[in-house]
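Novice: Here's a structure for you.
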Amino acid sequence: MKPAPFQYAAPETVDEAVMLLSEYGRDGKILAGGQSLVPLLAMRLARPSVLIDLNRIAELDYIRQTDGEVAIGAMTRQRTIERSGEVREHLPLWWEAVRYVGHPQIRNRGTVGGSLAHADPSAELPAAAAATGATLVTRSTRGERTVSAEGFFLSYLATALEPDELLVEVRIPAHARAGTAFLEVARRHGDYALAGVAAMVTMRDGRCEAVRLAFTGVGPVPVRVAEAEEPLIGRRPEESVYAEIARIVAGRLDPDSDIHASAAYRKDVAGVLTARALALAVSRAQEPMADSRSSMVDHG
Amino acid sequence: MADPPTSIRRVTVRVNGREHSREVDVRLTLVDFLREALALTGTHVGCEHGVCGACTILLNGEAVRSCLMFAVQADGAEVTTVEALGTPERLHPLQEAFRDHHGLQCGFCTPGFLMTAVAFLRETPQPTDEEIREVLSGNLCRCTGYQGIVEAVRDAAERLRTQGPGLESTE
Amino acid sequence: MATRYFGARVKRNEDPRLLTGRGMFVDDVQPTGVVHGAVLRSPHAHARIRSIDVAMAAALPGVVAVYTHADLPATLAAPLPKLIPHPALIHHKTQYALAPGIVRHVGEAVAFVVADSRYVAEDALDLIDVDYEPLAAVVDLEAAVAPDSPLVHDDMDTNVCAHYTQRVGDIEAAFARAAHVFTERFTVDRGTAAPMECRGVVAQWDHKMRQLTVWDSTQAPIPIRNGLARLLDLPQASVRVIAPDVGGGFGPKIMMFYPEEVLVPYAAMQLRRPVKWIEDRRENFAAMNQEREQIHDAQIAVDADGGILGVKTVFLYDSGAYIPYGIIVPIVASTTLPGPYRIPNYHCEFQAVFTNKTIVSPYRGAGRPHGVFVMERLMDRVARELNLDRTEVRRRNFIQNDEFPYDVGLIYQDNAPLIYDSGNYPAVFARALEMIGYERWPEQRARYRRDGRHVGLGVASYVEGGGIGPYEGCRVTVEPSGKVHAATSVGTQGQGHFTSFAQIIADALTVPVEDVVITTGDSGAMSWGTGTFASRAAVVAGNAVALAAQAVREKALKVAATTLEARVDDLELRDGQVSVRGSTERSLSLAKIAVAANPLRGTIPQDWEQPGLEASRFFAPPRGTFAGGTHAAIVEVDVATGMIKILKYVVVHDCGTIINPMILEGQIRGGVAQGIGNAFYEKLIYDENGQLLTQTFMDYLLPTAMEIPEVEIDHIETPSPLNPLGVKGAGEAGVIPVPAVFAQALEDALQPEYPIRISQMPLSPNLLLQMIQRQ
C-alpha cells in the first residue's frame, strides 16, 4: 500500500496555490489535511500526477467573526475549531458536529476546507454546512466567488469546485441562541455515520420560529427535507409533532444500501434521530429573554 | 512564485531533538521515513490507511498518524516518537503505568497508544474514564481488550500530576 | 520449593523493551542491502490464467527480479505441504507458492516482484499483464454442496473434501424416547484475526557460510525451519528461523506454508541479497487465513424435566479454496459442543467444503465458539419451551465433580480420547451468577423496563480443550556470570512467556525473576518443538520449563556437593547460593557452580549428564487438558436503532493452577474483546462473485476502547492431574462463549414485546432492528 509516483508542490500563499492549480488542476489533486486523500493514494485508488499541498499556506488558517457570521479559513484544522471558544459560542452546531469527525489524531490534521471539498456524503461537516446555511468561498486565477452549501455539494464526492478553483473559506451564520443538536448512529465511535442529522431550531414565546434539518449518510450529498421542517413552525414542540416529522423524514429520504446498512435501516434511523435531535435542540434553544432567566437559575 | 512540482525534495526535520536532513522521494510517507531513513523502528505500521493508530507520533506536539503524511510535509517540523519517552532502565511514568496495569501484550500497537496518551494527558491532565476511552478509540489493540490501557492512562494522569512529565525532548 | 513468583502478579520482563520502541518485529529487521518484495494477487475468485507478461515490470528501473510459477523449482512449484492429514480428509488440496494456471480465491499469489523499495515493487505490480479467463465462482457455503455447483477443483466431482461423523451412545433410541425434541439451524459467518502486525518475512542467505536466516512472523518457527530445509534442499542446521517479537498471532500465523514464507527465502538465495516482504493490511484481509463460517442443523432431545437425552448436529464447514490445515476446526467445533453437560447420546457429523474464498484455518477459538453457540442456544430453547429457569436447566445437566476424569466418548483434535481431566463446573457457574447479580435480576430488569430501557442478561458456559501434545522443550542454563538463560521451543505473540516461564525458573533456582532471560521462537536456540497454538504453550512448554529448571537445581546441588565436599542432602539452595545447612562459610553462588560444572582440566562425573550448569527437558502430555468457565453479561438495546451497549461483563474461569493472574486476565480480556467483535462488529463480506468487500479497517470493524467494557474476572483453581504444574490452557477462553452470552442477553432484553430468536452471528444494528421490527 504505497502511493504511485506523483510530483509535489507546496505553495505558501493562496496566489501561488491558484497559479499552480490553473496549470496542474486537471490532473492534480489538492492535499489538505490528507486524512481521506492519503489512504486513497496509498491504495492507488487516486493517482494524481501532481499533488498541491496547502499545508504551508498560513493565511488560510483562521477563525474570524464578522457581523453575524463566523468565517473559517479552509486550512483551519478541525481540532482548532473544536478548541475554539468562538466556535463553541457562536456556532454550537459546528462545535458539536466536529467532535464526531474521526478521532483526535484525525482532527489534528484534518481541515475544515478539506472535509467540505472532499464532500463525503457520510461526513459531518457538510451536513453542518447545509443545516446552518453556510456560504463557501472559492478562489482561482479568474477571481473569487461564493456558493451556497446547497449549490456546493453536487453528488457523491463531487462539488461545484472547478478544477482550477480552491476552496478558501466557509462563512457560517452565527447561531448562538438557536437550539442545535447533532446526532448520528455509527457502527463504532468515530466511524462515518450510517445516518445522522444536524438540527437547528429558533424559539419565540414557546413556539418554534424556524427549523433547519440536514442529514448525513442518507444520500449522495447532505440532504435537506423541507417538508419535515414545516410541521414544527409556529407550533409548540411536543412528542406527537416529532413523531410526525420522523415519519416524513423516513418517507422522503432515499438512501442507498451498502455493506454497513440497508436503505430501509438508514431511513428509519434518520427518522428516529430527527425526533431525538429536535427534542434536544428545542431544550437547548434560548428564548430572546433567556439570559436573565438562566442567571436566575444559576443563583437560585 | 512557488517552486514547480518535483518528485524529489529535501526534508529537514527535528526528530526527538535531533535535526535530520535527507533527499527523499516526495511520495515517501513520514512513517517510512522515520523507520527506514532514520532507523527509528519504534513507530509501527499497522494499516497504512489511518485507522489503527499504530503509527501515531507527535508533530509539533500534536498526536497525528504518520502514515497519513508524507515526509516532505514534515519539513521544518518537530517530530517526537516513542523513542523519546523513556529508556528500558528509566521508563516514563506513562510507560511505567502501562507495565503496572498490563496495558500491553504483543506490544505492536503500544507506541501508538503511548503517543496518543502523552498528547492527551498534556491537554487533559485530569481526565474522566469516558474521555480516556474516547481518545483511545482512535487506536486499535487486538490483545488487551483495552482495560489495562485505560487503567494505565488513568493512573499515569495521577503520576504525572505528582511526578511531572519526564519528557525532556519534546518542548 | 518456595514459590515466590508462581501464582503472583509479576510485572512482565518484556515490557521495558516493548514500551520504549526497542522491540524487534520482523519489519524492524533491516539488513544492509535489503531489497523488498511485493506479491501480485488474483483479482478474481476463480479464473484461468491464460498468460502472464512480466516484461514491462522486469524492465522498470529498480526492479531486481520477477517470479511467476514457471520460474520456480519443482519443490516450490508443487502444492505446498499437507499440514495435518486425517483419514476422513479425502481431498487434501493445498495451496501453491504461485498459482500454476488457475486462481481459486481473490488474493491468491500470482507473481512475486523484488525491487529496491516496496514503492517500486508496487509500481512493478501495476505493470504485470495477466490475461485471466474468469470461471464460475462458488461463494455461498450451501450452494457449494448443491449438485449443480461449480467446482473449486475440477479434478474432483464435488466440493466436499471431507465427511466425518462421530457418535456416542444410541442417538436414535434417545430421540425416540424423548419427551421433547427441538430443532434449530445456526449460522456463524466469517471473520479474520486481524493481528495489529500483519505477516512478514525477511530472509538473508550467506552464500559462503551456506547459511539461511529467516525472520518470520510465525507462531511455529521450528516446523517452518524443518519444512524450509526440505523444500530448499538444505540441511536443517543450515537454516535458522527466528520468530522475533510477533505482533499478535491468534492462530492464522501458522500455516506452513504461506507462499511468502517460501518465496522470500528462495529469492534471497537466488539473488544473494537479503529480501524483505511485509504484508500490508489489504493483503492481510485477502491473503491471511480466515475462519468461523459454519452452518449447523442441530437437535436436542430432553426428558420432561429438561434432562438431556441426546444432541445431534449436522454441519457444513467452509474451508475456503484449499485445506492445508486439515479438518482441525470442525473437529474442535464438534468436540467442544458438549461442553460442561452430560450428554449420553451424541451425534456430530460434518462436511468440509471448498469455496472460492480465502483459506480457513484456526483463529482463536477455532470452532469452539461455534460448538458453544449451538449448545447454549439449545439449552436456552429447552428452558423456554419447558418454562424452566435458564440457569436451572443448566444446573440439572452439569457434569458433577465426582465424575472426573469424564470420558465424553469422542476423539479430540490430537487423536486422543476426549477425556475431561478435572473441573468444577457448578461452582464456576454459581460464582458467575453471583457476580452478575442473577438473583436480583428480575427486579432489576423490571426497573429498567419501567424507565423504558430494554436491558437483558445472558450467561453461558464452556469447556476449553487445550494443552495438547505432541511435546515442547526447554533448555535452562546458568552461565558463569550467574545469569540464567532459558531457550524454549515455542514462539510468543504477547502471551508473556518471557515472564511466566521466568517465574517458574526463578522459583526453582531462587533467583530474581528479572535475572532470568528467556529466548523464544528461535530455531537456532532450540531445535525441537512445534509452536504456540491451541492454548498449549503454558501447559506443554511451561511444564518442560519446570522440568528443566528442576534438573538444573538438582545439578547445582550435585556439583556443589563435589566442590564443597558435602552430601547433597546436607545442602540447601537459597537466594541463588548453595550452602551447607547451618554453615555460612561453606557456600557457593550459582555462578561459581556454573564455572565448576565446566572445568578445563580433570573430568566430570558421569551422573552430571552433561557439562555446564545446564539441562534440557521435554514434556509430552498424553492428551489435552480441559479448562472451563462461565461468562455473563448485561446488555442494553436501543429498540429504535438496534444499537447496543454492554453494561456489565463478568468471567469466572478455571484453568487449573495459575502461573501469573495478571497475564491470565489479560488473555481473557483480549479474548472477550475479540468475542464481542465476533458478536457485533466483525464480518467479512464477499459478494456473489467472491469479491471481498471488507478489505480495510473502515469496512471490517475492530471494536475500540469505546465498544469494549470492563471485564470483571474471578478464578477457581482446579488443578490438572495430567502435568506437574497442574496448569491448563487459557488462550482461547475469552472468546469462546461471547456470542452465546449475547444471544441470550438480547432475547432477554427484548422479551416479551419483541420475542426475537437469535440463531446467527455476527449481528449488526441493522439486523437487530430488522428482527425487532418483524415482531
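What follows draws every value from the coordinates through simple rules; no lab data is involved. Quick caveat, the model's predicted, so the values are computed rather than measured. Positions of Cβ are backbone-derived with ideal geometry, glycine not excepted, and every protein chain shown enters the neighbour counts.
Novice: In what sequence do C:Met255, A:Met200 fall when counting other Cβ within 10 Å, fewest first?
Specialist: C:Met255, A:Met200
Novice: Which whole-number value in Å³ per residue fits the convex hull of the alpha carbons of chain B?
Specialist: Per-residue hull volume (Cα only) is 119 Å³.
Novice: Tell me which residues come under 5 Å, amide H to amide H, from C:Leu647 once H is placed; ignore anything under 5 positions away on its chain.
Specialist: Close amide H contacts, sequence-distant or interchain: C:Ile634, C:Val635, C:Glu636.
Novice: How charged is the neighbourhood of C:Ala267? Take every other residue with its Cβ under 13 Å from the Cβ of C:Ala267, and add Lys/Arg as +1 and Asp/Glu as -1.
Specialist: Summing Lys/Arg as +1 and Asp/Glu as -1 gives 0.
Novice: How much net charge surrounds A:Asp258 when only the other residues with a Cβ under 15 Å from the Cβ of A:Asp258 are counted, with Lys and Arg +1 and Asp and Glu -1?
Specialist: Neighbour charge sum, excluding A:Asp258 itself: -2.
Novice: Further, regarding this structure: For the range C:1-120, what class follows from the C-alpha gyration tensor (a ≥ b ≥ c being the square roots of its eigenvalues): rounded when a/c is under 1.5, otherwise prolate if a/b is larger than b/c, else oblate?
Specialist: Oblate shape, in that a/c is at least 1.5 and b/c is the bigger or equal ratio.
Novice: Once a ≥ b ≥ c are taken as the square roots of the eigenvalues of the Cα gyration tensor of the range C:716-775, is the result rounded (a/c under 1.5), prolate (a/b larger than b/c) or oblate (a/b not larger than b/c)?
Specialist: prolate
Novice: To continue, here is another question. How large is log10 I(q)/I(0) at q = 0.06, 0.09 Å⁻¹ when the Debye formula is applied to the Cα atoms of chain C, each weighted equally and without solvent?
Specialist: Taking Cα atoms of chain C as identical point scatterers yields -0.40, -0.87.
Novice: Need the C-alpha centroid separation for the range C:348-380 versus the range C:701-757, integer Å.
Specialist: Here the answer is 17 Å between Cα centres.
Novice: Let me ask another. For C:Thr625, enumerate residues with amide H under 5 Å from its amide H, sequence gap 5+ or separate chain, H modeled in the peptide plane.
Specialist: The answer is C:Gly466, C:Gly467, C:Ile468, C:Gly729.
Novice: Are there DSSP H segments in chain B that both extend 15 Å or more along their axis (alpha-carbon positions) and score a mean Kyte-Doolittle hydropathy of at least -1.0? List them, or say none.
Specialist: For chain B, where a helix must reach 15 Å along its axis and average at least -1.0, the hits are B:110-123, B:147-163.
Novice: Further question on the same structure: About its Cα centre, how strong a charge dipole does chain C have in debye, to the nearest 20, once Lys and Arg get +1 and Asp and Glu get -1 at the Cβ?
Specialist: Numbers: 70 positive and 89 negative charges, 272 e Å.
The calculated dipole for chain C is roughly 1300 debye.
Novice: Helix A:14-24 against the longest principal axis of chain A: what's the angle in degrees, Cα atoms only, rounded to the nearest 10?
Specialist: The two axes meet at around 60 degrees.
Novice: Another question, if that's okay. Add -39500 (n - 2.57) for each DSSP H run of 4 or more in chain C, then divide by its residues: what number comes out at 222 nm, to the nearest 500 deg cm²/dmol?
Specialist: -7500 deg cm²/dmol
Novice: Using each residue's phi in the range C:324-339, evaluate 6.51 cos²θ - 1.76 cosθ + 1.60 at θ = phi - 60° and report the 3J(HN,Hα) Karplus result to the nearest Hz, with x for Gly and Pro.
Specialist: For the range C:324-339, the Karplus curve yields x, 7, x, 9, 4, 4, x, 5, 5, 4, 6, 8, 8, 3, x, x Hz.
Novice: Let me ask something else. Starting from the Cα gyration tensor of the range B:79-171, take the square roots of the eigenvalues, sort them a ≥ b ≥ c, and report rounded, prolate or oblate (rounded when a/c is under 1.5, otherwise prolate if a/b is larger than b/c, else oblate).
Specialist: Rounded, because the longest to shortest axis ratio a/c is under 1.5.
Novice: Still on this structure, I have one more. Would you mind telling me the antiparallel percentage of the DSSP bridges in chain C, rounded to 5? Show your work: numbers first, answer last.
Specialist: Numbers: 106 of 134 bridges.
Roughly 80 percent of the beta bridges in chain C run antiparallel, per DSSP.
Novice: With point charges of +1 on the Cβ of Lys and Arg and -1 on the Cβ of Asp and Glu, referenced to the Cα centre of the range C:354-430, which listed residue (C:Tyr406, C:Gly371, C:Ala427) lies farthest in the positive direction of the dipole?
Specialist: So the residue we want is C:Gly371.
Novice: Given the rule -39500 (n - 2.57) for each run of at least 4 DSSP H residues, summed and divided by the residues of chain A, what is its mean residue ellipticity at 222 nm, to the nearest 500 deg cm²/dmol?
Specialist: -10000 deg cm²/dmol
Novice: Right, another one. Quick one: which residues, 5+ away or cross-chain, put their amide H under 5 Å from the amide H of A:Glu69? H built at 1.01 Å from N.
Specialist: Excluding prolines and chain starts, which carry no amide H, the hits are A:Ala174.
Novice: Just grab the label-to-label distance for C:Arg342 and C:Tyr471, each label 7 Å out from Cα along the Cβ direction, in nm (one decimal).
Specialist: 3.9
Novice: Tally Lys and Arg at +1 and Asp and Glu at -1 over the other residues with C-beta under 12 Å from the C-beta of C:Ala65: what net charge comes out?
Specialist: Counting the neighbours of C:Ala65, the net charge comes to 0.
Novice: Which residues make up the longest stretch of chain A clear of chymotrypsin sites (Phe, Trp or Tyr not before Pro) that lie in a DSSP loop with no more than 15 other Cβ atoms within 10 Å, not counting the sites?
Specialist: Between exposed loop sites, the widest span is A:157-300.
Novice: Now for a separate question. Along the Cα→Cβ direction, 7 angstrom out, place labels at C:His207 and A:Arg26. What is the inter-label distance in nm?
Specialist: Taking the two extended label points, one gets 5.1 nm.
Novice: Give, rounded to the nearest 20 debye, the magnitude of the charge dipole that the protein assembly as shown has about its Cα centre when Lys and Arg contribute +1 at Cβ and Asp and Glu contribute -1 at Cβ. List each step's numbers first, then the result.
Specialist: On the way: 120 positive and 152 negative charges, 309 e Å.
Dipole magnitude for the protein assembly as shown comes out near 1480 debye.
Novice: Moving to a separate point now. Any chance you could give the angle, 0 to 90 degrees and rounded to 10, that helix A:263-284 forms with the longest Cα principal axis of chain A?
Specialist: Once rounded, one gets 60 degrees.
Novice: Scaled to the compact-protein estimate 2.2 N^0.38 Å, what is the alpha-carbon radius of gyration of the protein assembly as shown, rounded to two decimal places?
Specialist: Taking N as the residue count of the protein assembly as shown, the ratio is 0.96.
Novice: Let me spell out the model: positive unit charges on the Cβ of Lys and Arg, negative unit charges on the Cβ of Asp and Glu, origin at the Cα centre of the range A:154-194. What dipole size does that give, in debye rounded to 20?
Specialist: On the way: 4 positive and 6 negative charges, 82 e Å.
For this selection, approximately 400 debye.
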